[in-house]
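Here's the structure we're looking at; comments come further down.
Every read-out reported here was derived from the displayed coordinates using simple, explicitly stated rules and does not represent laboratory data. Everything numeric here is computed off the predicted structure, so don't read it as measured data. Positions of Cβ are generated from backbone atoms using ideal geometry, with glycine treated the same way; all protein chains shown enter the neighbour counts.
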Ligand code: TXA
Ligand code: MG
C-alpha cells in the first residue's frame with residue numbers, strides 16, 4: 001500500500017524518515033512530481049528504475065535544499081554559481097562534473113562523469129530535502145513512457161503499490177520539467193528546454209548552444225552518451241580465461257584474473273546498484289594487472305535485468 005502523506009510537519013518528517021530508510025517517496029516540486037530516493041544509496045536508486053519500469057538507466061537529477069549542498073557533490077564553475085544565484089530555487093537543472101568526494105551514487109548518473117543537480121522552488125520539497133539531509137535523486141514520478149505527473153493522483157495512477165508514499169501537495173505550479181543545461185564542457189549546452197526560458201539563462205551567462213552536441217545527444221532529453229570501460233567487454237560468458245576480469249552474477253565462473261560480484265544471490269536490483277561501480281573497478285584493476293578484457297556472466301532479461309543488459313550491450317558495442 002502506498003501511503004498518501006499530508007503536506008504538514010508530520011507528513012514531511014515521515015517522508016524524510018522513509019527516504020533515509022532507502023524507501024521511495026514521490027513529492028511535488030514546482031515543475032512536476034518527482035520519484036525520490038536517497039541518492040547516496042545505490043539500492044534505493046536502483047529501486048527507482050524498477051518502480052518506473054524503465055528499460056534503460058537514464059541519469060537522474062539530484063535535488064538539494066540549497067546551492068551550497070548541491071555544490072558539495074559537483075564541481076561548480078563561475079557560470080554555475082551565477083545561475084544558481086539568479087535562478088535557484090527554480091526550474092533549472094545544471095549538469096556539472098561529479099566531485100571526487102561527492103556523495104551521490106554512480107548509478108544516479110548512469111556511470112557518467114557528470115551529475116545533474118537542482119534546487120526546486122517548492123516549500124514542501126525544500127523542507128523535505130532539508131529534513132532528509134542527503135541528496136535526493138528524483139526523475140519525474142511516472143511509469144516509463146507515461147506523461148509527467150502534476151498531482152498526487154497522477155502519481156498514484158501509475159505507481160500505486162510500487163512506492164512507499166506520496167507526499168500530497170496538490171497541483172504543481174509550472175507543469176513542465178526543469179530546463180537542463182550542461183555546464184561541464186567548454187560551452188554551455190541546452191539539453192532540455194523546460195520551465196526556465198533559455199533567454200533568461202543567456203541574460204546571465206551569455207550564449208547557450210541549442211540542441212545537442214553532435215554524436216552525443218539525439219534530441220532533448222535523449223541521452224546517447226554512456227560510460228564504456230577502456231577494456232573490451234565480452235557478454236554472456238560461460239567460461240573465463242586467466243587473462244580476463246569477470247563481472248559475476250551469481251556463483252562466479254572459476255579461473256578469472258579478477259572478479260567483481262554484482263549480486264551473489266542473483267538479485268537484479270542489487271546488481272543494478274553495483275553495475276557502474278563494478279565496470280569501473282574491473283577496468284582499473286584489469287588494466288593494472290595487464291588483463292585483456294572484461295567477461296560478463298549472463299544476466300536474465302527480466303525486471304531490472306533489461307536495463308542492465310541495455311547498458312552492458314552499449315559497453316560491449318564496437319567503439320566509433
Ligand atoms: O523538473 C524536473 O526536472 C523533474 C523534477 C522531479 O525535478 N525531474 C525530471 O527528471 O524531469 P527526469 O529524470 O524525468 O529527467 C531528467 C533529464 C533527462 O532528460 C536526463 O537525460 C537529463 O535530465 N540528465 C540527467 N543527468 C544528466 C547528465 N549527467 N548528463 C546529461 N543529461 C542528464
Ligand atoms: Mg521524465
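List of remarks:
- Residue 176 paired with residue 264, simple spin-label distance in nm, labels 7 Å along Cα-to-beta-carbon: 5.1 nm
- Potential lengthening of the chain between residue 101 and residue 239 amounts to 46.0 nm, from the contour at 0.36 nm per residue minus the alpha-carbon distance.
- Paramagnetic reach from residue 86 (point 7 Å along Cα→Cβ, amide N under 14 Å) across region 21-61: none
- Approximate spin-label separation residue 198-residue 277, in nm, with each point projected 7 Å along Cα-to-Cβ: 3.7 nm
- Calculated FRET efficiency for the pair residue 313/residue 113, C-beta based, R₀ 25 Å, to 0.05: 0.75
- Net lengthening on full extension, residue 161/residue 10 (0.36 nm per residue, minus Cα-Cα): 52.2 nm
- Shown is the FRET efficiency for residue 146 and residue 77, computed with R0 = 41 Å from the Cβ-Cβ distance and rounded to the nearest 0.05: 0.70.
- Computed over region 249-320, the range of Cα coordinates on each principal axis works out to 35, 32, 18 Å, biggest value leading.
- Rounded to 5, the percent of DSSP beta bridges in the chain classed as antiparallel: 40 percent
- 25 °C / 0.890 mPa s Stokes-Einstein diffusion coefficient of region 58-109, Kirkwood radius on C-alpha pairs, µm²/s: 215 µm²/s
- Å³ per residue enclosed by the Cα convex hull of region 1-154: 103 Å³
- Förster radius 51 Å - calculated FRET efficiency between residue 187 and residue 288 (Cβ-Cβ, nearest 0.05): 0.90
- Computed log₁₀ I(q)/I(0) - Debye formula, equal Cα scatterers, no solvent, the chain, q 0.07, 0.08, 0.09 Å⁻¹: -0.28, -0.37, -0.46
- Under the criterion of Cα pairs below 8 Å and six or more residues apart, the relative contact order for the chain equals 21 percent.
- Normalised by the number of residues in region 1-117, the average gap of Cα pairs under 8 Å and 6 or more apart makes the relative contact order 25 percent.
- Most mobile of 68, 203, 131 in a GNM of the chain (Cα contacts under 10 Å): 203
- The distance between label points at residue 205 and residue 17 comes to 4.0 nm (points 7 Å beyond Cα on the Cα→Cβ vector).
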